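Contents: one structure, followed by commentary.
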Amino acid sequence: MSIMRIITCDRVCPVYVGYPIEKTGEKLRGKRYGKKVLLLSDSNVYPLYGDRLARSLSSEGKEVFNMTLPAGEKTKNFENLIRIVEWCAEKKMGRDDTLITLGGGMVSDIGGFASSIYMRGINFVCAPTSLLSQVDASIGGKTAVNLPCGKNLAGSFYQPSLVMIDLKTISTLPAREFSQGVAEIIKYGVIRSSAIFRMMEKGGPLRNEEIKYLVGESIRIKKYCVERDEKERKGLREILNFGHTLGHAVEISGFPSFSHGESVAAGMVGETYLSFRLGICDRITYERIKNAVASWNLPYSLKNMNIEKALTFLQYDKKVRQGKIRFVMPRKISSVKRGVTLTVGDAWKILREIC
Ligand SMILES: NC(=O)c1ccc[n+]([C@@H]2O[C@H](COP(=O)([O-])OP(=O)(O)OC[C@H]3O[C@@H](n4cnc5c(N)ncnc54)[C@H](O)[C@@H]3O)[C@@H](O)[C@H]2O)c1
Ligand SMILES: [Zn+2]
């Protein structure tokens, strides 16, 4: 068990790593978290862990209300956001009360957003249960819902008051969902940690101690970026976007239909190839990153993807300015160069070689 603290301008958020879910109640002891707690979860996760969390909260005298949303990304929309906020109002929750999310990044994104707008901000506690949400979505304070015309287009920056990570919850995660987290962990290795990368390039399965190490180190890297550039205005947080420019294009183009983690995996390989061809990294670095992705059975080849079409989707992306796409490119393992720009045409000319 370990504790980290994410320190941002108006909050210190403790992150408890490796604590059983049953300990959540005691961490919310006292007046600071109010009396009423809305426990927001999804239809897969609540049946697995919901009762344990609810019991731990009730045993501390909290009045617990549940709201269980259908699992899946489609749920992360405005209609459900309004339902959550209205539920808080119906239950007469006050400014000192708490909304706690139990589940993956979908519930923490929508639940975090709801916490930030109900009464202009109530306590938000996050109990992430997917590997991706433990290493990424629960940390850093970005909250959002999707709009019909794009992902995460409405949201806020709102730091949780507390994050409670029970690593044992990962054991019930379906293999494809586990891989989503793996892709983000490989990313952390490439941008800042050779130790993480070395552990990941040997492929799976991972021992429990290794998972604990990887989750802790990933959070440490995200903490480093978030504390120095909380609102993504200074450029440092941008390094977390490695693999995500091309990955996002692949994901939204839907050819083929890849999950976020799979798209980021292919995106990391493509962006490293660009880096190699621009002389920013050497071929060995490119081969190592490609092999690390392949060793987890994540997509590494761009051959069956319509990258040209995917790149055209990028015109609407936040990372495109005046027709130029901004990339984060590896220099070597654990070091990246940010703000590398290419036109869609030039990026396509290079990527065609491996498509
Ligand atoms: N806010 C951020 O900084 C940030 C960062 C990365 C991703 N995200 C967002 O996070 C979401 C993706 O996160 P995700 O992959 O956790 O998605 P998710 O919440 O949809 O979870 C994926 C699936 O795993 C299931 N699940 C979760 N934990 C489980 C467990 N322990 N056992 C069994 N099933 C479990 C869920 O029910 C769901 O079916 C996206 O909406 C993405 O935009 C946000
Ligand atoms: Zn991601």
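The values are calculated or read from the model by the stated rules, or taken from the named source; none is laboratory data. Remember, it's a predicted structure, so these values are computed and weren't measured experimentally. Cβ placement follows ideal geometry from the backbone for every residue including glycine, while neighbour counts extend to all protein chains displayed.
A few comments on the model shown:
- Test: residue in the range 58-76 that is within 16 Å of ligand 2 (Cβ to nearest atom) and either farther than 23 Å from Q159 by Cβ or under 17 Å from the mean Cα position of the chain (by Cα) (or both): yes
- Here is the figure for the range 35-52: residues that are aliphatic (A, V, I, L, M) and more than 13 Å from L99 (Cβ to Cβ) total 2.
- Matching residues in the range 110-130 - criterion: being within 15 Å of ligand 1 (Cβ to nearest atom) and surrounded by fewer than 23 Cβ atoms within 10 Å (Cβ to Cβ): S116
- As a summary of the residue check, K168 satisfies the conditions (1) assigned to a helix (DSSP H, G or I); (2) over 23 Å from I239 (Cβ atoms); (3) not assigned by TED's automatic domain parsing to the domain that holds Y49 except for the one numbered (3).
- Considered as a group, the residues in the range 30-57 that are modelled with pLDDT under 95 and in contact with an Asp or Glu (Cβ under 8 Å, 6 or more places away or on another chain) include one that is nearest to ligand 2 (Cβ to nearest atom), and that residue is R32.
- When R220, R198, R192 are screened for being surrounded by 18 or more Cβ atoms within 10 Å (Cβ to Cβ) and either at pLDDT 95 or above or away from ligand 1 (no atom under 16 Å from the Cβ) (or both), only R192 passes.
- Residues satisfying the stated conditions in the range 273-324, i.e. modelled with pLDDT of 95 or more and under 20 Å from G345 (Cβ atoms): Y273, L274, S275, F276, R277, L278, G279, I280
- Residues within the range 28-52 that are under 22 Å from the mean Cα position of the chain (by Cα) and either surrounded by fewer than 18 Cβ atoms within 10 Å (Cβ to Cβ) or not in a strand (DSSP E or B) (or both), tallied: 7
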